[in-house]
Amino acid sequence: MLSIFWRLLIPVLLLVLSLYSVFEIGRIQPQYQPLLTYLPYPLLLLAMLLAQQFNRLRVFAAAGLFMLAFITVQLGLQQPLSEPRPFFLYTTLSLLLPLNVMLLALMPERGIWSRYGFVLLLCLLAQAVGLSVWPEASLQQPFPYRYLFDSHPAQGYLLSYAANLLFALALLITAGLLVLRKGETEAALVVCLIALYLTLQLFSAAYISAILFSCCALCLMYCLVRNSHDMAFRDDLTGLRNRRAFNETLRSLAGHYVIATMDIDHFKKFNDRYGHEVGDDVLRLVAAQIGKVAGGGVAYRYGGEEFCVVFTGRQSAEACTVFLEQVRVAVASYGISLRNLASRPPSQKQGQSQRGAAAKAKTVSVTISVGVAERGVELRKAEQVLKASDQALYKAKKQGRNCLVLA
């Protein structure tokens, strides 16, 4: 849950600041206030350009969706909602926006320049064209449950019952996906949904659409920045911090710290015997156990089958060995079911019917060796501590593997 909190922190702060700006708009001199109506255009365009640079379809589509919605607000919703055309546009926007954001949250990330992306963008353009040519009289005609789509359904509420229900459903699903995936895009979409709801609910507030659509653009850009950071400093296979992140950490270490170096025993033989795909599974499983290290340790994939853990603070190397021993024992006692890739069932249905047999599949286990060193009088530099832990790891290998050695 802590990782979700950090993903939501900045977007929520942006939303709070945006709402504060809405209610403090009077502090801006009147001659400058109209400039706010132009602010979402460059911000949303910049979000689209950044999404294109990182090939993030969902962010690109979300920025395009918000751009089309803001243009609709500026061109078609500057008259009272009691008139037919503004009422039609407002009602349709209040239904399409949560539906589309929910769709973007449910989608897997496939990249912009794909058939999947082309279909999605075509769908958004079709909605924009349909919104511009569809007769507004369609909402004026009597039809079953029409009252669900009327604005002002109750005192203090501008959005219709149907729109409120769709926003609640979209927020529930997107928040659930955020908990499951812990993704930056889901976090941004959650806050954007709230911003869109507030925009349409408090529609009479001056410049609210310009300010909150700008907030949406900033949330999407922040999401891309966070994603780019993960791309640079996270190992794609294991999800741990990578060698670049470890090197950055080494340069910033000060005071007392402990470095542990770990290596999977006989991994090359295991990889040659069972294949690279099973080898990748082993790396993921071992990384998952190392990532759970207690005592404030931070895990990194140093390269290949080698991992590092860094402990900062006043605890000694002896104290850290307790947590490292827990990891070593957890890895050694974890049974790995070998996948027979050649006989994998062609369909999910067949796979479900064979899961009982899968439980009888051969299981193997792997072990790790650990070397530990701490900064002291003789080891002053981080590179020296790392070299000492690596030498301790070599001793652990010589002593029979599946053990821990202190430098």
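Worth a mention:
- Taking every residue in region 264-285 that is within 21 Å of LEU404 (Cα to Cα) and pairing it with any residue that is open to solvent by 60 Å² or more (accessible area, probe 1.4 Å), at least 6 positions away or on another chain, the pairs with Cβ-Cβ distances below 7 Å are ASP265/ARG401; LEU285/TYR334.
- Residue ID - farthest from GLY297 (Cα to Cα), chosen from residues in region 250-272 that are open to solvent by 30 Å² or more (accessible area, probe 1.4 Å) and assigned to a helix (DSSP H, G or I): ASP272
- Residue that is modelled with the lowest pLDDT [pool: residues in region 279-308 that are out of contact with any strand residue (DSSP E or B) (no Cβ under 8 Å at 6 or more places or on another chain) and either of a type in the set (Ser, Thr, Tyr) or crowded, with 16+ Cβ neighbours inside 10 Å (or both)]: GLY279
- Among the residues making up region 316-355, those that are surrounded by fewer than 11 Cβ atoms within 10 Å (Cβ to Cβ) and modelled with pLDDT of 65 or more are SER333, GLY335.
Condition check ((1) at pLDDT 90 or above; (2) within 34 Å of the chain's Cα centre (by Cα); (3) on the phi < 0 side of the Ramachandran plot; (4) small (Gly, Ala, Ser)) across all residues:
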site	(1), (2), (3), (4)
ASP150	no, no, yes, no
TYR157	no, yes, yes, no
ALA162	yes, yes, yes, yes
LEU166	yes, yes, yes, no
GLY176	yes, yes, yes, yes
VAL179	yes, yes, yes, no
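- Flag for PHE311 being at pLDDT 95 or above, of a type outside the set (A, V, I, L, M) and at negative phi: yes
- Residue in region 356-370 that is modelled with pLDDT of 95 or more, within 20 Å of VAL258 (Cα to Cα) and open to solvent by 90 Å² or more (accessible area, probe 1.4 Å) present: no
- Residue within region 392-400 that is open to solvent by less than 70 Å² (accessible area, probe 1.4 Å), of a type outside the set (S, T, N, Q), free of Cβ contacts under 8 Å to residues at least 40 places away in the same chain and within 29 Å of LEU338 (Cβ to Cβ) present: yes
- Number of the condition not met by ARG110 [criteria: (1) among the charged types (D, E, K, R); (2) over 22 Å from the mean Cα position of the chain (by Cα); (3) open to solvent by 80 Å² or more (accessible area, probe 1.4 Å)]: (2)
The values are calculated or read from the model by the stated rules, or taken from the named source; none is laboratory data. None of the values given here were measured: they were computed from a predicted structure. No Cβ is skipped: glycine too gets one built from the backbone with ideal geometry, and neighbour counts run over all protein chains shown. SASA here: full protein model, heavy atoms, side chains in, ligands and nucleic acids out. Shrake-Rupley method; radii C 1.70, N 1.55, O 1.52, S 1.80 Å.
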